[in-house]
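> Supplied in structure tokens, the structure appears directly below.
No lab work stands behind these numbers, since they all come straight from the coordinates. For clarity, every value in this text was computed on a predicted model and none was experimentally measured. Ideal geometry is used to build each Cβ from the backbone, glycine not excepted, and the neighbour counts take in all protein chains shown.
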Amino acid sequence: MPRRLSVVAAVAAAMVTVTIAPALAVSGGTGSYGFAAKLTADGRACSGALVAPAWVITAASCFPENADGGSPAKDTTVVVGRSDLSTTNGVVAHVSTLVPDAGHTVMLAKLDKAATDIAPVTLTSAAPVAGTTVRLAGFGRTATEWLPNLLHTNTFTVGTVDAAQLVLQSPDSDACKGDAGAPAFQEVDGKSVLVGVTTSSLQHGCVGVEQPQQGTTEVRADTLAAWIGQQTAPQQISCTPATVWSQRDDGLLWKYVHNGPGDGSISWVTPTASVGSGWLGHLLAGPDGVVYDIHKNTGTADPNPDGTLKRWVWTGTKWTGGGKVGSSWQRYFTPEYVNRITVDSQGRIFAIDTTGALRMYAWNNTTGTFDNPGGEVLGTGWAQYNSITAAGDGVLYARNPAGNLYRYQYSVATRTWLQRAELVGSGWQKFSEIFSPGGDVLYGRFFPTTSNAKLLWFRRDDRTDTWIEATGKVVGSGWNTQLHVAADPSACAPSN
């Protein structure tokens with residue numbers, strides 16, 4: 001029986017004809033190339049290649065509902081580093097973001113979990129040469145199997161090459177259904193160098209296909225290399241000076257400004273006087289000068305009972321507002337709940353309730369109320385975390401008592417989680433409080449001695465879900481008289 005390499009289609013079998021069809025598969029021998037990926041969504045599957053720790057390239061036809069990219073319309077699972085799908089090797093992740101190329105022929109899929117232990121395929125800017133030999137690797141059908149569990153590979157000869165595409169030829173092989181997005185590559189000095197990304201095939205030699213003609217079409221990878229590099233580079237952020245509110249033990253509120261939230265530089269505007277008194281409860285900082293006071297009653301002259309939620313706005317020179325917008329929030333005074341509430345860059349309050357549910361409270365400026373005063377439940381099981389910190393639009397960092405820190409990202413637009421419980425650090429139990437100016441930047445208050453408190457700065461590297469400063473950068477000291485500290489959560493945001 002001739003060896004065949006199969007490529008899995010991203011479209012239904014009814015759409016495959018004897019002409020070139022989108023999303024295919026390859027039959028041939030098995031192989032072990034860690035960068036090879038299988039993508040599965042709603043019963044359809046494609047192949048792809050890891051091009052950066054958290055990015056896989058595949059065919060755009062694998063995501064027909066997302067021609068313009070964005071959050072995937074269908075939950076998509078990616079397996080990478082596992083040539084035998086029946087094993088538990090490698091990484092299993094979900095797609096959080098899709099980015100199409102200008103021609104909408106290929107798609108970059110960002111993973112919610114970085115495959116840091118797997119070497120990505122090497123990119124090149126060199127054009128392929130007709131007549132050279134390349135290898136194709138995919139999880140699609142073979143000459144005899146409809147749903148193979150093994151990565152299959154085979155060699156091809158580069159045929160015609162034009163400005164954007166190349167055609168691969170082999171006497172007895174083609175890409176088949178399931179291999180759409182499969183990488184074509186060459187071995188150069190012990191490295192696998194990406195040559196093309198499979199977009200269509202005549203499926204010669206694939207199971208269930210009687211096709212005398214042969215040919216597998218690839219997008220030239222050298223034309224994509226610069227674009228891939230731009231898209232997979234570390235996320236850049238832009239920051240304005242971050243307002244940092246310091247609530248002291250004596251109830252006075254102080255306003256600091258950190259001029260270096262984006263790079264952790266030690267540059268502060270230090271106040272000479274407080275901007276408020278009676279702040280004995282728990283403050284929550286929002287964007288645009290908004291500060292919530294989970295109020296603690298100050299005495300018989302105070303008409304507001306414990307747990308009253310008051311919403312203030314700092315204009316730059318004075319406070320406005322201060323009206324009651326909620327009640328019975330006093331649980332967030334207690335050591336158990338004090339760090340289980342936060343505000344994101346869009347001004348939404350996220351809080352863990354007594355049942356362990358995560359609730360979101362979205363403020364409506366038009367009505368002057370929360371859209372849902374009882375909060376929208378986003379998930380359960382959050383009692384496992386003793387701290388949550390919003391660090392962007394729907395971005396949450398959750399810490400458990402063991403000190404493990406996990407990243408979540410929630411899309412309010414699609415009502416889905418783009419990232420869930422991705423472990424991004426350990427040892428975070430040392431921080432009495434974690435807060436953020438947005439942009440995946442975190443501050444942690446750390447008490448190395450009882451008489452001093454250091455403020456440490458961290459910024460996430462989104463390529464690897466690790467920290468640019470692994471152990472944090474000290475940006476301040478003497479933060480030991482504070483009851484609570486919080487920053488404007490919209491000071492930093494992604495800039496690309």
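> Quick check for me: using +1 on Lys/Arg Cβ and -1 on Asp/Glu Cβ, what's the dipole size of the chain about its Cα centre, in debye to the nearest 20?
On the way: 35 positive and 39 negative charges, 176 e Å.
So the magnitude is around 840 debye.
> Counting other Cβ atoms within 10 Å, keep those with at most 16, restrict to DSSP loop, and tell me which GluC sites (Glu not before Pro) in region 389-496 are left. Mind dumping the intermediate values first?
Numbers: sites: Glu422, Glu433, Glu469; in loops: Glu469.
Passing sites in region 389-496 are Glu469.
> If the only charges are +1 at each Lys and Arg Cβ and -1 at each Asp and Glu Cβ, what is the size of the charge dipole of region 237-494 around the Cα centre, to the nearest 20 debye?
Values: 22 positive and 21 negative charges, 33 e Å.
Charge dipole, region 237-494, about its Cα centre: 160 debye, nearest 20.
> Pull up all non-local amide H partners of Asn154: gap of 5 or more, or a different chain, and H-to-H distance under 5 Å with H placed in the peptide plane.
Under 5 Å from the amide H of Asn154 lie the amide H atoms of Leu136, each far enough along the sequence or on another chain.
> Here is a follow-up. In terms of the ratio Rg/(2.2 N^0.38 Å) built on C-alpha atoms, what value belongs to the chain? Don't jump to the answer; show the numbers that get you there.
On the way: Rg = 26.9 Å, N = 496, 2.2 N^0.38 = 23.3 Å.
Relative to the rule-of-thumb radius for its length, the chain sits at 1.15.
> Treat the count of other C-beta atoms within 10 Å as a stand-in for reagent exposure and order Tyr397, Tyr361 from fewest to most. Mind showing how you got there, number by number?
Numbers: Tyr397 26, Tyr361 22.
Ranked by crowding around the Cβ, least crowded first: Tyr361, Tyr397.
> Same structure, new question: How do 275-284, 84-93 rank on mean C-beta neighbours within 10 Å, highest first?
On the way: 275-284: 20.6, 84-93: 14.6.
By packing density, highest mean first, the sequence is 275-284, 84-93.
> Place a +1 charge on the Cβ of each Lys and Arg in region 13-232 and a -1 charge on the Cβ of each Asp and Glu, then give the dipole magnitude about the Cα centre in debye, rounded to the nearest 20.
For this selection, approximately 220 debye.
> Another question, if that's okay. Per residue of region 340-345, in order, report the coupling 6.51 cos²θ - 1.76 cosθ + 1.60 (Karplus, θ = phi - 60°) as ³J(HN,Hα) in whole Hz, putting x for Gly and Pro.
Along region 340-345, the couplings run 9, 8, 7, 10, 8, 5 Hz.
> If you don't mind, another one. Can you tell me how region 237-494 classifies by the Cα gyration tensor, rounded, prolate or oblate, using a/c under 1.5 as the rounded cut?
Working: a/c = 1.40, a/b = 1.10, b/c = 1.27.
It is rounded, given that a/c, with a ≥ b ≥ c, falls under 1.5.
> Checking the a/c ratio against 1.5 first, then a/b against b/c, what shape does the Cα gyration tensor give for region 13-232? Kindly include the intermediate steps, with their values, before the conclusion.
Details: a/c = 1.29, a/b = 1.16, b/c = 1.12.
Cα axes put region 13-232 in the rounded bin.
> Subtracting the Cα-Cα distance from 0.36 nm times the residue separation, let me have the gained length for Gln169 to Ser125 in nm, one decimal.
Working: separation 44, 0.36 × 44 = 15.84 nm, distance 2.24 nm.
Net length gain for the segment: 13.6 nm.
> Okay, next question. What are the ³J(HN,Hα) couplings of region 192-201, residue after residue, when phi is run through the Karplus curve with 6.51, -1.76, 1.60 and θ = phi - 60°? Round to Hz, x for glycine and proline.
8, 10, 5, 10, x, 10, 5, 10, 7, 7
> Give the order of Phe446, Phe458 when sorted by the count of other beta carbons within 10 angstrom, beginning with the fewest. Write down the numbers at each step before the final one.
Details: Phe446 20, Phe458 25.
Ascending Cβ contact count within 10 Å gives the list Phe446, Phe458.
> Relative contact order for the chain: what percent, with Cα pairs under 8 Å and sequence separation of 6 or more? Walk me through the intermediate numbers first.
Values: 1516 pairs, mean separation 64.0, N = 496.
Reported as a whole number, the value is 13 percent.
> Further, regarding this structure: Peptides 328-334, 157-163: what's the order by average Cβ count within 10 Å, highest mean first?
328-334, 157-163
> Taking 0.36 nm per residue of sequence separation and subtracting the Cα-Cα distance, how much length would be gained by fully extending the chain between Gln213 and Val269, in nm to one decimal?
On the way: separation 56, 0.36 × 56 = 20.16 nm, distance 7.22 nm.
The Gln213-Val269 span can extend by a further 12.9 nm.
> Which of the pairs Lys74/Lys113; Lys310/Lys430; Lys110/Lys191 have their Cα atoms more than 25 Å apart in this structure?
Details: Lys74/Lys113 17 Å; Lys310/Lys430 30 Å; Lys110/Lys191 23 Å.
Cα-Cα > 25 Å for Lys310/Lys430; rest within.
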